[in-house]
Structure formats: structure tokens, C-alpha cells
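Here the structure is laid out as C-alpha cells; the discussion comes afterwards.
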Amino acid sequence: MSDLAVRIQQPGGPEQMQLVPVEVGEPGPGELRIRHVAVGLNYIDVYHRNGVYPLPMPAGIGMEAAGFVEAVGEGVTHLKPGDRAAYASQPPGAYCTARVMPARCVVRLPDEISFETGAGMMLKGLTAQYLLRRTLPQGGLHAGDFVLFHAAAGGVGLIACQWARLLGLRLIGTAGSDEKCQLALDAGATHVINYRREDFAARVREITEGRGVKVVYDSVGADTWAGSLDSLAPFGLMASFGNASGVVPPVALGTLAAKGSLYLTRPTLFTHLATRESTQAMADELIEVVKSGAVRIHVDQRYPLAEVARAHRDLEARSTTGSGVLLV
Ligand code: NDP
């Protein structure tokens with residue numbers, strides 16, 4: 001039986017994703033071939049599919065998966081055929097049964113961590129990690145500090161709530177329903193706000209007794225931008241890392257002065273994963289917190305690979321929580 005991969009011929013709705021037969025081939029120098037067991041679903045896959053983040057066409061979709069290494073190319077020494085492995089990587093193309101890819105993106109998955117967890121944790125967990133551990137305000141983050149994290153019951157969000165608890169941070173989480181707020185609270189948020197019902201910036205001022213938070217981690221984008229700036233303490237950091245509600249319009253820099261000498265960053269995980277050494281170091285830290293049980297990966301949605309369109313519809317309808325995986 002030949003291998004299968006999701007391809008899009010042009011940007012558009014979920015129906016653009018077609019599962020087609022592909023020849024996977026042999027890995028070249030520095031590459032490996034991995035056979036997937038589970039593939040992670042991420043909101044970035046929606047941006048790739050609908051053209052918010054343009055890709056050369058035709059394109060593959062998907063940035064994260066777990067499975068078995070089948071073959072390694074010349075010069076690959078950290079993995080061998082038969083190893084369990086997982087990755088977060090670009091360019092997209094993880095929605096498939098098997099693929100050849102750069103080996104430097106792939107890490108060994110310990111036996112204690114299931115493939116579903118591996119596929120649900122790499123891109124989202126490494127993102128939560130670089131945000132809370134590396135995307136810091138002036139003077140750093142310390143136990144007791146307030147941060148605001150939007151979409152706190154989502155894939156990145158539920159991991160961030162748990163990691164923030166581990167760091168002793170007071171994470172105020174927003175979410176789009178009372179049930180989602182409860183999930184975020186159970187995962188470690190110290191306060192939650194249903195931002196469909198409440199003015200979150202006003203609530204943040206109340207919770208922080210007027211001071212505001214040190215950092216806002218904002219992946220919602222257009223809808224939350226203004227309220228996020230209003231939630232920051234002077235010298236606070238706005239970390240805008242996604243756009244689930246739409247892309248943030250161009251920013252007048254003077255706004256940052258008017259709101260209290262704010263800092264602004266627009267980070268991406270892939271700058272942090274530029275080398276094999278940094279990828280391995282970050283993955284080691286993630287694997288450690290997952291193995292210890294301090295961070296649990298909530299795999300709340302499972303779909304057969306062939307039902308990828310339904311998975312995207314659910315993501316865009318805001319009906320998902322935690323991580324979702326495609327089963328191969
Ligand atoms: P999520 O599971 O968090 O899903 C997105 C969530 O965004 C929804 O569940 C919903 O939660 C919220 N949301 C708010 N407004 C909308 C809207 N109009 N349409 C759809 N969703 C909305 O996704 P992920 O965990 O995969 O990713 C979270 C975010 O982080 C994404 O924006 C993603 O692109 C970004 N990201 C950025 C990275 C980077 O390095 N820059 C890396 C990884 C992810 P609710 O109903 O609670 O509002």
C-alpha cells in the first residue's frame with residue numbers, strides 16, 4: 001500500500017485538504033524517514049490552509065507528529081531505525097502516514113510518553129515553554145507575578161496554565177465559555193475570565209488591584225489586541241504570538257508610549273528551534289515536566305487522518321479544548 005498525505009492545491013476552506021497517495025522515498029544526508037502513529041493538530045495549520053500564512057502551492061499541512069524512525073540518512077547519529085520519536089518542525093507536511101524530513105528537528109520519545117501525547121505536546125508544549133521561560137519582561141518573571149494568557153483552555157493554553165503553576169506565576173486565563181474557564185482553573189490558572197461575557201481588561205485591573213500584569217501572552221489577535229494593551233502594567237510586555245480571531249492591524253508605535261512604555265514582541269517557536277542543540281535542550285525540558293506529571297497533555301480530540309476536514313471545522317468553531325490528534 002502506498003503512503004498517503006494531505007495536500008492543498010490552493011488556500012481555502014477545510015474541503016481544500018485532499019488525502020492523496022505519495023511516494024515517500026529514502027532519506028538523504030542529515031534526513032530521516034518517520035512513520036507516523038499520531039499527528040498533532042494546531043491552529044497554525046488553519047492559517048496555512050486558509051492562506052493567513054501563505055505557502056507555496058501545492059502544499060502539505062501539519063507541523064507536529066510522533067511515530068517510529070524507519071530509516072536514517074548519512075550523518076544522523078542521534079536516532080536509529082526503530083526508535084520512537086516526535087517533532088515540531090517546518091515546513092508543513094505532517095498530515096501524512098510517513099515522511100522524509102531533516103533529522104535535526106526530531107527527538108527521541110521516551111517509552112513512558114505515548115505517541116498521542118508526543119504528537120499533542122511538541123509544538124504546543126515547546127511554545128508554552130519558550131513563552132513562559134524565554135519571552136520575559138524587563139527583570140524577568142518571578143513567583144507571584146501576574147501574567148495574562150488568552151485562550152487558556154486551548155492546546156498551548158492548558159499546557160501554559162500547568163507550567164505557570166510550576167513556576168509559581170499567577171496566570172489569569174481567558175476562555176470562551178464557563179466550561180473552558182473551569183478547565184483552565186483546574187490546570188493551574190489562578191484566575192479565569194470568560195471573555196465572551198466579561199470585559200477582560202477591566203477584570204484584570206480588578207484582580208491585580210489596578211496594577212496590571214507583567215506580560216500578556218496573546219494568540220487571539222485582532223479581537224483582544226486593544227484590551228491586552230490595557231491590561232499591562234507600565235513597562236509590561238505584550239507577546240503577540242497568534243491570530244485566531246484575525247491578524248492584528250498595523251500598530252501606531254506611539255500607543256506603546258501612551259500605555260506606559262510598553263514592550264512588544266511577535267515571537268515564533270521556530271526561531272527557538274533553529275539548531276538541533278536548542279531543539280534537544282527545549283525538548284528535554286518539556287519531556288521532563290511531562291514525565292514527572294507536572295504537566296499533563298490533555299488529548300481531548302482524536303480523529304482518523306481521513307477526517308482532517310472535520311478536525312479543522314471543530315478548531316475554527318472554537319469547540320475544542322486542549323490538544324487534538326489525527327490517528328494514522
Ligand atoms: P487552540 O487550541 O488554542 O485553539 C484556538 C483557540 O483560540 C480557540 O479554541 C478559541 O478558544 C480561541 N479563539 C478566540 N477567538 C477565536 C476565533 N475568532 N476563532 C477561533 N478561535 C478563537 O490552538 P493552539 O493551541 O493550536 O494554538 C493557540 C494559538 O497559539 C494559535 O493562535 C496559534 O497560532 C498560536 N501559536 C503560535 C506559535 C508561535 O510560536 N508564534 C506556536 C504555536 C501556536 P476560546 O473559545 O476559549 O476563545
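Assorted remarks:
- Failed criterion for Ser177 (all others in (1) over 16 Å from the mean Cα position of the chain (by Cα); (2) under 22 Å from Arg302 (Cβ atoms); (3) within 10 Å of the ligand (Cβ to nearest atom); (4) buried (at least 24 other Cβ atoms within 10 Å of the Cβ) hold): (4)
- Residue in region 64-79 that is within 16 Å of the ligand (Cβ to nearest atom) and either assigned to a helix (DSSP H, G or I) or open to solvent by 50 Å² or more (accessible area, probe 1.4 Å) (or both) present: no
- Of the criteria (1) more than 13 Å from the ligand (Cβ to nearest atom); (2) more than 26 Å from Ser319 (Cα to Cα); (3) surrounded by fewer than 24 Cβ atoms within 10 Å (Cβ to Cβ); (4) not hydroxyl-bearing (Ser, Thr, Tyr), which one Arg134 fails: (1)
- Qualifying residue in region 280-300 (condition: within 16 Å of the ligand (Cβ to nearest atom) and of a type in the set (S, T, N, Q)): no
- The condition of being within 20 Å of the chain's Cα centre (by Cα) and among the acidic types (Asp, Glu) holds for only one of Asp223, Asp199, that being Asp223.
- Where Ile113 falls short, out of the listed (1) of a type in the set (A, V, I, L, M, F, W, C); (2) touching a Gly at 6+ places or on another chain (Cβ under 7 Å); (3) outside any strand (DSSP E or B): (2)
- Scope region 34-57; condition in contact with a Phe, Trp or Tyr (Cβ under 6 Å, 6 or more places away or on another chain) and free of Cβ contacts under 8 Å to residues at least 12 places away in the same chain; matching residues: Tyr53
- Region 31-53: number of residues that are within 12 Å of Ala244 (Cβ to Cβ), open to solvent by less than 10 Å² (accessible area, probe 1.4 Å) and over 13 Å from the mean Cα position of the chain (by Cα): 0
- Residue among Leu19, Leu79 that alone is in contact with a strand residue (DSSP E or B) (Cβ under 7 Å, 6 or more places away or on another chain), among the hydrophobic types (A, V, I, L, M, F, W, C), farther than 25 Å from Thr320 by Cα and touching a residue at least 40 places away in the same chain (Cβ under 8 Å): Leu79
- Residue check for Ser228: within 12 Å of the ligand (Cβ to nearest atom), surrounded by 22 or more Cβ atoms within 10 Å (Cβ to Cβ) and under 20 Å from the mean Cα position of the chain (by Cα): no
- Of the strands (runs of 3 or more DSSP E) lying entirely inside region 251-328, not one is found with 3 or more residues being of a type in the set (S, T, N, Q) and surrounded by 14 or more Cβ atoms within 10 Å (Cβ to Cβ).
The values are calculated or read from the model by the stated rules, or taken from the named source; none is laboratory data. Remember, it's a predicted structure, so these values are computed and weren't measured experimentally. Virtual Cβ from ideal backbone geometry, glycine too; neighbours counted across all protein chains shown. Note: accessible area is taken over every heavy atom of the protein model, side chains too, but ligands, DNA and RNA are not part of it. Shrake-Rupley method; radii C 1.70, N 1.55, O 1.52, S 1.80 Å.
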